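Working notes, structure below.
The values are calculated or read from the model by the stated rules, or taken from the named source; none is laboratory data. Source: prediction; values computed, not measured. All Cβ positions, even for glycine, are placed from backbone atoms using ideal geometry, and neighbour counts span all protein chains on display. All accessible areas refer to the heavy atoms of the entire protein, side chains included, with ligands and DNA or RNA removed. Shrake-Rupley method; radii C 1.70, N 1.55, O 1.52, S 1.80 Å.
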Amino acid sequence: MANLITADEIPGAAVYGVRQVSYTVEGVAGKDYGAALAAAAFKESTAIEDTMNSYAVVVRQRTRKLDDLGKVMAGLNGGIATLKTKEQESSDRTDKMAILAEAHTLAAKYGITVTCVAYEFSGGVYKAQMRRDDIYRAQNEVQYAIDREDNDLKQDMVSLNSLMSKRDNAFSAAARLIKKANDAASNTIGNIGA
């Protein structure tokens, strides 16, 4: 791997006996000290920025998953509302509902089993029916998945916020370093001219 910055001596160039150099920065020759310093100073911030982008993708995916699991839970709750309330049996069945068919499909996307006992296709819509014991089992499994995903999302958000803070600090430090270098260069030029 090539060096980020290399100093290249300028043949025959010297100021008060000090040989002068130009810099090759990320493979581009002829850069000055300011460009070399900026590349070095901002390298950390751009690396943090790249890591932040990865975390942002993960956060978006977790948010989408939580939204989908919320839809599954809403479907299951809708099915539970159709169960009879008196003389409850584990084999009682919900009404045939499109929302249960959708819950089955969405849950399967995340490896969660929503067991439907009957399907029907009418009017261009799939409808499904579930048993009482299956729907409560699925509800518990989905709630566990939501809780786990929510916890992971919170941890990822903390990491993302931490990276944002580190990136901001790295940019500020780089800007201060470059300002100091420019001030030193201006002072040096001012002193030589005086």
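Would you tally the net charge around Asp50, using a Cβ to Cβ cut-off of less than 13 Å, leaving Asp50 out, and scoring K and R as +1, D and E as -1?
Surrounding charge for Asp50 is +1.
Could you tell me how many degrees, from 0 to 90 and to the nearest 10, lie between the Cα long axis of helix 98-109 and the main elongation axis, the longest principal axis, of the Cα atoms of the chain?
Long axis of 98-109 versus the principal axis of the chain: about 40 degrees.
Using only DSSP helix segments of four residues or longer, with each worth -39500 (n - 2.57), what per-residue ellipticity at 222 nm results for the chain after dividing by its residue count and rounding to 500?
On the way: 3 runs with 122 residues, N = 194.
Result for the chain: -23500 deg cm²/dmol, rounded to the nearest 500.
Could I have the simple spin-label model distance between Ala29 and Thr46, label points 7 Å from Cα toward Cβ, reported in nm to one decimal?
2.1 nm
Against the longest principal axis of the chain, how steep is helix 33-80, in degrees 0 to 90 to the nearest 10, with axes from Cα atoms?
10 degrees
What does the charge count near Lys84 come to, summing +1 for each Lys or Arg and -1 for each Asp or Glu among other residues with Cβ under 11 Å from its Cβ? Show your work: numbers first, answer last.
Details: positive: Lys86, Arg93, Arg132; negative: Glu87, Glu89, Asp92, Asp95.
Overall, the nearby charge balance is -1.
Over 31 Å between Cα atoms: which of Lys65/Lys166; Lys86/Lys109; Lys43/Lys109; Lys154/Lys180; Lys154/Lys179 fall into that group? Provide the component values of the computation, followed by the final result.
Values: Lys65/Lys166 28 Å; Lys86/Lys109 34 Å; Lys43/Lys109 39 Å; Lys154/Lys180 39 Å; Lys154/Lys179 38 Å.
Going by Cα-Cα distance, Lys86/Lys109; Lys43/Lys109; Lys154/Lys180; Lys154/Lys179 fall outside the 31 Å limit.
Please work out the FRET efficiency for the pair Ala108 and Val59, using the Cβ-Cβ distance as r and a Förster radius of 22 Å; give the result to the nearest 0.05.
With R0 = 22 Å, the Cβ-Cβ based efficiency is 0.40.
Compute the signed sum of charges (Lys and Arg +1, Asp and Glu -1) over the other residues within less than 9 Å, Cβ to Cβ, of Glu120. Numbers along the way, then the final one.
Numbers: positive: Lys96, Lys127; negative: none.
Residues close to Glu120 contribute a combined charge of +2.
Take the eigenvalues of the Cα gyration tensor for the chain, scale each by 5, and report the square roots as semi-axes in whole Å, largest first. Mind showing how you got there, number by number?
Values: eigenvalues 917, 50, 23 Å².
That gives 68, 16, 11 Å for the three semi-axes.
If you count only protein heavy atoms with a 1.4 Å probe, what accessible area per residue comes out for the chain, rounded to a whole Å²?
On the way: 12310 Å² over 194 residues.
For the chain, the per-residue accessible area is 63 Å².
State the extension gain, in nm to one decimal, for the chain segment bounded by Gln143 and Asp95, taking 0.36 nm per residue of separation less the distance between their alpha-carbons. Show your work: numbers first, answer last.
On the way: separation 48, 0.36 × 48 = 17.28 nm, distance 2.21 nm.
That pair, Gln143 and Asp95, stretches by 15.1 nm at full extension.
By a straight-distance test (C-alpha under 29 Å), which lysines pair with Lys84 as possible cross-link partners, with residues fewer than eight away in the same chain excluded?
Lys71, Lys96, Lys127
Can you check how the C-alpha radius of gyration of the stretch 1-89 compares to 2.2 N^0.38 Å, as a plain ratio?
On the way: Rg = 30.4 Å, N = 89, 2.2 N^0.38 = 12.1 Å.
After normalising by residue count via 2.2 N^0.38 Å, the value is 2.51.
Compute the long axis of helix 132-193 from its Cα atoms, compare it with the longest principal axis of the Cα atoms of the chain, and write down the angle in degrees, 0 to 90, nearest 10.
Rounded to the nearest ten degrees, it is 10.
Measure out, as a whole number of angstrom, how far apart the alpha-carbon centroids of the stretch 18-52 and the stretch 56-95 sit.
54 Å
Considering only DSSP states other than H, G, I, E and B, which chymotrypsin sites (Phe, Trp or Tyr not before Pro) in the stretch 1-96 qualify as loop sites with at most 12 other Cβ atoms within 10 Å? Kindly include the intermediate steps, with their values, before the conclusion.
On the way: sites: Tyr16, Tyr23, Tyr33, Phe42, Tyr55; in loops: Tyr16.
The qualifying sites are Tyr16.
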